[in-house]
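The values are calculated or read from the model by the stated rules, or taken from the named source; none is laboratory data. Fair warning: this is a prediction, and the values are worked out from it, not measured in the lab. Please note: Cβ atoms are built from the backbone with ideal geometry, for glycine as well, and neighbour counts cover all protein chains shown. SASA here: full protein model, heavy atoms, side chains in, ligands and nucleic acids out. Shrake-Rupley method; radii C 1.70, N 1.55, O 1.52, S 1.80 Å.
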Amino acid sequence: MSNVGLVLISHSPKVVEGIKDIITQVIRNVPIELAGGTDHNEIGTSFEKIQAAIEQVYNERGVVLLYDLGSAMMNAEMAIEFSNYENIKIADNVPLVEGAYVAAVESGMGKSLDEVMDAISKV
Amino acid sequence: MLLSLKDSIDWMNIMNQKIQDNKQYLTKLDQAIGDGDHGINMARGFNEVVSKLSVTEYESVSDVFKDVAMTLMGKVGGASGPLYGTAFLKMSLASKGKEVDQQVFATAVNDALQGIKQRGKSTEGEKTLVDVWAPVVNFFQKEQEVLPNALINCASEAVEESKTIKATKGRAAYLGERSVGHLDPGSVSSFYLFESLAEVLEKGA
């Protein structure tokens, strides 16, 4: 059985690449995909990139989306609405770096989607 | 009023022209209180919209609005993508299978406004595009007959009014008091949208 997947969303591709580097130094058994920047890798977020990232990490255990600033959240919500999956959650008002790290640790221990969400809500 | 299929496409073409012409201006407004990308994002989005519309055959206004929505969602990048995208998606749903007369359109813009509020978790008085959409919705609901000039006046007054508001949503909210006295870029681009619509209605009248 797979672990809960993570999608890291930022206005900058470099931000999420850096966070993934930090996480994978320690944790390598968690599906993590990045949705940083616009379709042209400029500053912004992309609804289509988020959709594609969800498809990559999706499994029956569920997916957590973590984001940095406002419009990323709106694109994340739309990506979920347009997907046909039920068990995807957005980490709302959770700091991206710390939240992603804690989510990866918890997911790597085989925790459920709800348990991962509970842990990051305390970040 | 009656918005025909051709009108809906003309509306988007006029809107695109206004956005391209005012790209620098919108960017300047956004540099003052936001992240400075509104002009570029809207110009990219509406450029894609008119490209898409020009190569597709449509059967209804609802289908046009749906493609506008999907294109803006995918191509804009900033907060205006999901917000304008949601607005057009709601208008598409509200006009599905219907002739777009004033009553249908009033419902459509109201659904769009509710969609924008829900998507942005925003309401009136926060210095966002809601402050233009809300009075325009009210205008379509209460006017007996929509006069293009009256529509422009309504949207234009709403934009001016937005200057006096302190931002509490979006990137401008980080500036607090410093946002007072500036025009909200999303309100200005919404003004262009309704000004474009008025020009289409004027031609059809």
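Checked against (1) open to solvent by 40 Å² or more (accessible area, probe 1.4 Å); (2) closer than 24 Å to residue A:82 by Cα, residue B:45 passes all but condition (1). Out of the residues in the stretch B:60-79 that are more than 15 Å from residue B:50 (Cα to Cα) and open to solvent by 10 Å² or more (accessible area, probe 1.4 Å), which is farthest from the other protein chains (Cβ to nearest Cβ)? If we take residues in the stretch B:60-79 being more than 15 Å from residue B:50 (Cα to Cα) and open to solvent by 10 Å² or more (accessible area, probe 1.4 Å), then B:60 is farthest from the other protein chains (Cβ to nearest Cβ). Scanning the stretch A:36-64 for residues that are open to solvent by 10 Å² or more (accessible area, probe 1.4 Å), within 14 Å of chain B (Cβ to nearest Cβ) and assigned to a loop (DSSP other than H, G, I, E, B) yields a total of 5. For the stretch B:30-39, the criterion of being modelled with pLDDT of 95 or more and either open to solvent by 10 Å² or more (accessible area, probe 1.4 Å) or acidic (Asp, Glu) (or both) is met by no residue. For residue B:144, the criteria (1) in a helix (DSSP H, G or I); (2) surrounded by fewer than 21 Cβ atoms within 10 Å (Cβ to Cβ) hold in every case but one, which is (1). Right, residue A:83: crowded, with 22+ Cβ neighbours inside 10 Å, within 14 Å of chain B (Cβ to nearest Cβ) and modelled with pLDDT under 95 or not? So residue A:83 does not fit the description; no. Taken over the stretch A:80-100, residues that are in contact with a strand residue (DSSP E or B) (Cβ under 8 Å, 6 or more places away or on another chain) and in a helix (DSSP H, G or I) amount to 4. Note on the stretch A:1-33: residues that are open to solvent by 50 Å² or more (accessible area, probe 1.4 Å) and part of a strand (DSSP E or B) amount to 1. The residue of the stretch B:154-189 that is farthest from the other protein chains (Cβ to nearest Cβ), among those that are within 22 Å of residue A:74 (Cβ to Cβ) and hydroxyl-bearing (Ser, Thr, Tyr), is B:162. Just the residues that are more than 8 Å from chain A (Cβ to nearest Cβ), out of contact with any Ser or Thr (no Cβ under 7 Å at 6 or more places or on another chain) and open to solvent by 10 Å² or more (accessible area, probe 1.4 Å), please, taken from the stretch B:81-96. Of everything in the stretch B:81-96, those that are more than 8 Å from chain A (Cβ to nearest Cβ), out of contact with any Ser or Thr (no Cβ under 7 Å at 6 or more places or on another chain) and open to solvent by 10 Å² or more (accessible area, probe 1.4 Å) turn out to be B:89, B:90, B:93.
Taken together, B:159, B:109 contain a single residue that is under 16 Å from the mean Cα position of the chain (by Cα) and more than 22 Å from residue B:64 (Cβ to Cβ), which is B:159.
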